[in-house]
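Worksheet for the structure shown next.
The values are calculated or read from the model by the stated rules, or taken from the named source; none is laboratory data. These numbers were taken from a predicted model, which means no experiment stands behind them. Using ideal geometry, Cβ is built from the backbone for each residue, glycine included, and neighbour counts are taken over all protein chains shown.
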Amino acid sequence: MTKHFLTLLDYSEKEIKHILELALKVKSGEVKEKLEDKTLAMMFEKPSTRTRVSFEVGMTQLGGHAIFLDMSTTQLGRGETIEDTVRTIERYCDVVMARVNKHADLEKMASVSKIPIINGLSERFHPCQTMADMLTVLEKKGKLEDLKVVFLGDCAFNMFNSTMIGFSKMWSNVVAVCPDKKEYTPNPELVENTRKYAKGSIKIEHDPVKGIREADVIHTDTWVSMGQEDADKRIKQLKPYQLNSKLLEHAKEDAIVMHCLPAHRGHEITDEVVDGPQSVVFDQAENRLHAQNAIMLYLLKNV
Ligand code: CP
Ligand code: NVA
């Protein structure tokens, strides 16, 4: 059966550890394995800077080739099914990375595809980002276990979901810090499902000061994700969860600040924090490249 990369729910602690170790070796140049003559199809239904550039550069570094496909300009835009599209692409390409509006479309692709499908972001998960984030924490803190990882703001969407799944599987203790409203609170079913495999704890806190206290890692994301509506209402309701220097004072002195980017400066994070000494946001962005190269080597060459 073809192995895909749709969500970290499908990956064991051992596999995640293996890919992270591989990513460190890819980054240091120790890995000689390449993906020569392999072609990656990159399919996008939503905008992207980091995902598009890092996957394309990654394929170049590995000796392969990447093709960019704006999904709206393929025959998908004229009604060809996602399944028929994948059945066609697999006759030319070796791996697909797709960024989609509906996670269900990735599942449809994976259900028929003979080549690996990698999730480049859906409304439910962003596993490539979380692999890069775990790699960054590993580099900065030397470990993933026994860390307090706080996620501030919208804890009901892709970035929180993947952060919760990945970090808790790797023994970090995850705290969702969000308003006491259904639209920002972790999905109870997903929390329950994640807890079955989690080695660290998963907690929810609505008071930002209490939530961030003693944090080792503070993660945040946009208040208005791609595809979300009611921007003004969301910005107003999430305002108390802004990551600013006053709030950051309550975390550990050596806490690191993370953001998957793009940042909306002055909203979820302030300039002084995103540009401050605790911020590792561009290390995370760089690590997308190394983590994804490791994911592709693992899926295509079983490295
Ligand atoms: N973090 C991230 O996925 O960035 P892009 O939307 O620019 O790809
Ligand atoms: N939650 C954000 C992440 C962007 C990389 C979004 O889905 O727009």
Open item on the list: So if I check each of Ala251, Ala285, Ala255, Ala291, which one is in contact with a strand residue (DSSP E or B) (Cβ under 8 Å, 6 or more places away or on another chain) and in contact (Cβ under 8 Å) with a residue 60 or more places away in the chain?
Closed with: Ala251
TODO: Quick one: in the range 273-288, of everything that is buried (at least 23 other Cβ atoms within 10 Å of the Cβ) and of a type outside the set (D, E, K, R), which residue is farthest from Val26 (Cα to Cα)?
DONE: Val273
Open item on the list: Here is a check on your reading of the model: is Ala285 in a loop (DSSP other than H, G, I, E, B), small (Gly, Ala, Ser) and either within 14 Å of ligand 1 (Cβ to nearest atom) or farther than 20 Å from Ala176 by Cα (or both)?
Closed with: no
TODO: Determine whether the range 64-87 contains at least one residue that is surrounded by fewer than 18 Cβ atoms within 10 Å (Cβ to Cβ) and modelled with pLDDT under 95.
DONE: yes
- [ ] Enumerate the pairs (first residue in the range 122-136 and over 14 Å from Ser54 (Cβ atoms) and free of Cβ contacts under 8 Å to residues at least 12 places away in the same chain; second residue anywhere and assigned to a helix (DSSP H, G or I) and of a type in the set (Ser, Thr, Tyr)) with beta-carbon separation below 7 Å, excluding pairs fewer than 6 apart on the same chain, so at least 6 apart or on different chains.
- [x] none
Open item on the list: Could you go through the range 263-274 and let me know if any residue there is in a loop (DSSP other than H, G, I, E, B), under 25 Å from Thr39 (Cα atoms) and more than 18 Å from the chain's Cα centre (by Cα).
Closed with: no
Task: Residue in the range 22-40 that is of a type outside the set (Asp, Glu) and within 16 Å of Ala98 (Cα to Cα) present - done: yes
- [ ] Output the residues belonging to the range 25-47 that are surrounded by fewer than 18 Cβ atoms within 10 Å (Cβ to Cβ) and within 19 Å of the chain's Cα centre (by Cα).
- [x] Lys46, Pro47
Task: Residue count, the range 101-121 (criterion: without any contact (Cβ under 8 Å) to a residue 12 or more places away in the chain and surrounded by 18 or more Cβ atoms within 10 Å (Cβ to Cβ)) - done: 0
Open item on the list: I need every pair where a residue in the range 25-51 that is among the acidic types (Asp, Glu) has its Cβ under 6 Å from the Cβ of a residue that is not in a strand (DSSP E or B), sequence separation at least 6 or different chains.
Closed with: Glu33/Leu297; Glu33/Lys301; Glu33/Val303; Glu36/Gly63; Glu45/Met71; Glu45/Val100; Glu45/Asn101
TODO: Please tell me if Thr270 is buried (at least 17 other Cβ atoms within 10 Å of the Cβ), more than 30 Å from Thr2 (Cα to Cα), touching a residue at least 24 places away in the same chain (Cβ under 8 Å) and within 16 Å of ligand 2 (Cβ to nearest atom).
DONE: no
Open item on the list: Any residue that is under 20 Å from Phe167 (Cβ atoms) and of a type in the set (S, T, N, Q) - is there at least one of those in the range 108-118?
Closed with: no
- [ ] Please enumerate the residues belonging to the range 164-186 that are in a loop (DSSP other than H, G, I, E, B) and basic (Lys, Arg).
- [x] Lys181, Lys182
